[in-house]
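Only one structure is covered here, and it is reproduced in the block below.
The values are calculated or read from the model by the stated rules, or taken from the named source; none is laboratory data. In this text the structure is predicted, and so the values were computed from the model without any measurement. No Cβ is skipped: glycine too gets one built from the backbone with ideal geometry, and neighbour counts run over all protein chains shown. Note: accessible area is taken over every heavy atom of the protein model, side chains too, but ligands, DNA and RNA are not part of it. Shrake-Rupley method; radii C 1.70, N 1.55, O 1.52, S 1.80 Å.
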Amino acid sequence: MPDILQYPLWFVEGMAEYLTLGAVDGQTAMWLRDAALREKLPHIRDLDNPEYFPYRWGHAFWAFVGAKYGDRAVASLIRSAANPRFDLAGLSRQLGSEPDALTAAWHQAIREATNAVVADASPVVSQARRLIDRKTGGGRFNIGPRLSPDGREIAFFSERDRFSVELFLADAETGRIKRRLSQSATDPHFDSLEFLNSAGAWSPDGKTLAIAAMRGGRPVVACLDPASGRVQREWALPGLDDALNPAFSPDGRSIVVAGNAGGLIDLYLLSLESGQLDRLTNDPFADLEPVFTPDGRAIVFVTERFSTSLESLEPGKSRLATLDLASRAVRPIPGFRSGKHLSPQVSADGRFITFLGDPDGITNVYRMPIDGGPIVRLTSVLTGVAGITAGSPALTASPATGRLAYSVFEDDGHTLYVLDPEQVVAHVAPAANAQAALLPGRATAVGDVQRLIGDARRGLPALGARIDAVPYSHALTLDGIGQPTISAGISEFGGFVGGSVSAYFSDMLGDRMLGLVAQAGGSFADLGGQAVYLNRRHRWNWAAAVEQLPYRVLDMTLGQDLATSEIFLTERIRRQTSSGAFAVTAFPFSAATRVELAGGVRWLSFSSESRTRVYSAETQELLERLPVEKQTSPRMRLAESNVALVRDTSFFGATSPVFGSRGRVELGRTLGTLQYTSLLVDGRRYFMPKRPLTLAVRALHYGRYGRDSTHRQLLDLYAGHQEFVHGYGYGSFSAAECPQDTSELCPVF
């Protein structure tokens, strides 16, 4: 079995996607249709390019191989040693093909599937208006739209600032972006915004925008002022691990959210007056995207309770349901017999629900009576109405005007569209066959992989069987061994042998890790090693290390005695050996701010060896080897401790930060041979006025105070010193600044 980690990401992750999802997946099929419509299908050799999302394209490739050559061929290629990154021809030959022919057959299957979708499309469709995309000032991903109650403004998430996904406000008529409402990249009031599976919510009066976010590692609901982006008020959600999909009640006095508590997602009602959180549902099924009915008596939401089987652990598609707030009774809303139902929007009169569905395998906008009845399709998008994931909210409605807005996957990104009521053309809903979600290469979902995926009970114990619980083991096991190195050489000055090896151990969850490294040089004095243990089981992360690290510097000098015409060649080896034990602990207040505590003891020893050879200046003959001269100096004993407050919101480019800010305030104390106190105040801010130009501003102070603060063995640190580049300030030593009587024994870096 080859080392699968050496293979390209699309090959490995795409295979995992295929074995997990099989040959039916609306998201991957959507990506393929978009590329085919744009005539941007990649050659197989180009799939290693980061431009192509490895999960989607790898999934599509493996599904095609399974369809054309059988799923046994998939297993054969996995066992093969032909790495497509280096030997695509060898991989293709195992299928009886070659790279160009294999690519052509794959492309042909994608085009045939896309042409079938185009042929089924209606010539008369709703006339939606493109509002925000890359060409109109948005980003590549413009998702999670939310129309204001009057339909004049729209809030949405986008990465148009290139560094993070933020919340923006735009004019719903022109698409002009008015302002950015969040700045989690450079001033993270929130650790993160829940944009993948959530969207904002407007208050009934349009004066407040509520969002779900994380702050200090805990979920919160925050109300923003749309005119400025300032946080008006914030509510913590105790007992929850995550919160999604906030929605205001019609009277504006409460907000309903989907809350995740221990992996179970239920609906919770937050009172804005008291901050009290009331649990509305309590079961193992996920309940998402709640929205109030206009009378405030019920909540319409997305759930899996009517489709998922807990006995067989078989997940079902999302359905729509209503929750009566008085009785807490849940009632299903009849919809499609198959496919997903997402992003419900209730009409102003409470009679209809507009939602996202994919009965034919393509996600579009649909409408039906709230109590069930004929379903009509309002959009006929060829790719799909979608967010980042298959379950992301992508539809919003203005209750006052009936205006709709939604995000469409096209041009390898997400575009926001607006659809006004007078532009709607309703069609009869298509057959619920999910044909468009079938990945190209086959006419029906058949094969070994599909058969195994469809067998939900395979591998499960018999009903009623007793399952013995096994405690989790924290034992450390070997994860990897660093590439061992060895070097050897010989010259007129003698031989040399050196090398190093490292190993890395961890437990299954990665909560505890152990790293070991050993190195050898030309003598016993050059033996060294380090052991580092890291524990991340709790929010207080801590690490401990012991080390013996020799630093060796070799130089040679050449001199001549004019009286005797003898040449003296001196080879000098200077060593500094650092031996010690250290510990550090850190507590993160948020994703950007943490406190660090560190301490340790260190012994520094210094030695020097000089070997001198005497040569004849006339014949270059070796005349004499002088005795080896050895020198040592007293060991230095240092006890070090420091405390630091660190804040980092920077985004790194290829070599350095390109945007954001970094700051560190550190107070240190050193005792022992040298005694002094150190203070570091370091603040940096990075601006990118025009890509790729970055401007940086820095304010820095580093000072040592106390008895030995001006000792000549301490290096004068400056702004460009590597200690400050990496953000740490341990004082090292410089030979040029050592006392004259020991200058040859001080280490050089």
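Some notes on this structure:
- Filter result for Arg552 (touching a residue at least 40 places away in the same chain (Cβ under 8 Å) and either open to solvent by 30 Å² or more (accessible area, probe 1.4 Å) or not in a loop (DSSP other than H, G, I, E, B) (or both)): no
- For region 217-235, a residue qualifies if it is assigned to a loop (DSSP other than H, G, I, E, B) and open to solvent by 20 Å² or more (accessible area, probe 1.4 Å), and the qualifying residues are Gly217, Asp225, Ala227, Ser228, Arg230.
- Pick from region 59-97, criterion touching an Asp or Glu at 6+ places or on another chain (Cβ under 9 Å) and of a type in the set (D, E, K, R), ranking: farthest from Gly14 (Cα to Cα): Arg72
Condition check ((1) open to solvent by 30 Å² or more (accessible area, probe 1.4 Å); (2) outside any strand (DSSP E or B); (3) at pLDDT 95 or above) across all residues:
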{"residue": "Pro123", "(1), (2), (3)": "yes, yes, no"}
{"residue": "Leu131", "(1), (2), (3)": "no, no, yes"}
{"residue": "Gly139", "(1), (2), (3)": "no, yes, no"}
{"residue": "Ile143", "(1), (2), (3)": "no, no, no"}
{"residue": "Phe157", "(1), (2), (3)": "no, no, no"}
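- Taking the criterion of being assigned to a strand (DSSP E or B) and buried (at least 20 other Cβ atoms within 10 Å of the Cβ), the residues of region 299-320 that qualify are Ile299, Val300, Phe301, Val302, Thr303, Arg319, Leu320.
- Counting residues in region 480-492 that are open to solvent by less than 70 Å² (accessible area, probe 1.4 Å), farther than 30 Å from Phe606 by Cα and β-branched (Val, Ile, Thr) gives zero.
- Search result, residues across region 493-517 that are open to solvent by less than 50 Å² (accessible area, probe 1.4 Å) and within 30 Å of Thr570 (Cα to Cα): Gly494, Gly498, Gly499, Ser500
- Test for Ala326: is it surrounded by fewer than 19 Cβ atoms within 10 Å (Cβ to Cβ) and of a type in the set (A, V, I, L, M, F, W, C): yes
- Residue match in region 334-341 (condition: basic (Lys, Arg) and touching a residue at least 40 places away in the same chain (Cβ under 8 Å)): yes
- Close pairs (6 angstrom Cβ cut-off, 6 or more residues apart or separate chains): more than 13 Å from Glu311 (Cα to Cα) in region 451-476, part of a loop (DSSP other than H, G, I, E, B) and modelled with pLDDT of 85 or more anywhere: Ile453/Gly22; His474/Asp507; Leu476/Asp507
- Inter-residue pairs, beta-carbon under 6 Å, first within 13 Å of Leu527 (Cα to Cα) and part of a strand (DSSP E or B) and in region 494-513, second open to solvent by 20 Å² or more (accessible area, probe 1.4 Å) and of a type in the set (Ser, Thr, Tyr), 6+ apart: Gly498/Ser487; Gly499/Thr485; Ser500/Thr485
- Scanning region 421-464 for residues that are within 32 Å of the chain's Cα centre (by Cα) and hydrophobic (A, V, I, L, M, F, W, C) returns Ala434, Ala436, Ala437, Leu438, Leu439, Val449, Leu452, Ile453, Ala456.
- Single residue of region 245-278 satisfying the filter (exposed (fewer than 14 other Cβ atoms within 10 Å of the Cβ) and among the acidic types (Asp, Glu)) that is nearest to Gln232 (Cα to Cα): Glu273
- Residue that is surrounded by 15 or more Cβ atoms within 10 Å (Cβ to Cβ) and either more than 17 Å from Glu640 (Cα to Cα) or modelled with pLDDT of 90 or more (or both), where the choices are Arg698, Arg685, Arg691: Arg685
- Between Glu566, Glu624, Glu609, the distinction of being among the acidic types (Asp, Glu) and open to solvent by 80 Å² or more (accessible area, probe 1.4 Å) belongs to Glu624 only.
- Residues of region 76-106 that turn out to be open to solvent by less than 10 Å² (accessible area, probe 1.4 Å), in contact (Cβ under 8 Å) with a residue 40 or more places away in the chain and not polar (S, T, N, Q), as a count: 2
- Count of region 415-440 residues, restricted to those that are open to solvent by 30 Å² or more (accessible area, probe 1.4 Å) and either of a type in the set (Gly, Ala, Ser) or in a strand (DSSP E or B) (or both), is 7.
- Search result, residues across region 652-668 that are surrounded by fewer than 16 Cβ atoms within 10 Å (Cβ to Cβ) and of a type outside the set (Val, Ile, Thr): Phe652, Gly653, Ala654, Ser656, Leu667
- Candidates Ile370, Ile362 - the one that is over 27 Å from Trp31 (Cβ atoms) and surrounded by 19 or more Cβ atoms within 10 Å (Cβ to Cβ): Ile370
- Condition check for Pro588: open to solvent by 40 Å² or more (accessible area, probe 1.4 Å) and not small (Gly, Ala, Ser): yes
- Which listed residue is surrounded by fewer than 22 Cβ atoms within 10 Å (Cβ to Cβ) and at pLDDT below 90, from Thr186, Thr174: Thr186
- Per-region count, region 69-110, residues in a loop (DSSP other than H, G, I, E, B) and among the hydroxyl-bearing types (Ser, Thr, Tyr): 2
- Sole residue being surrounded by 20 or more Cβ atoms within 10 Å (Cβ to Cβ) and either assigned to a strand (DSSP E or B) or at pLDDT below 95 (or both), chosen from Thr383, Thr379, Thr354, Thr281: Thr354
- Test for Ala36: is it assigned to a helix (DSSP H, G or I), among the small types (Gly, Ala, Ser), at pLDDT 95 or above and open to solvent by 10 Å² or more (accessible area, probe 1.4 Å): yes
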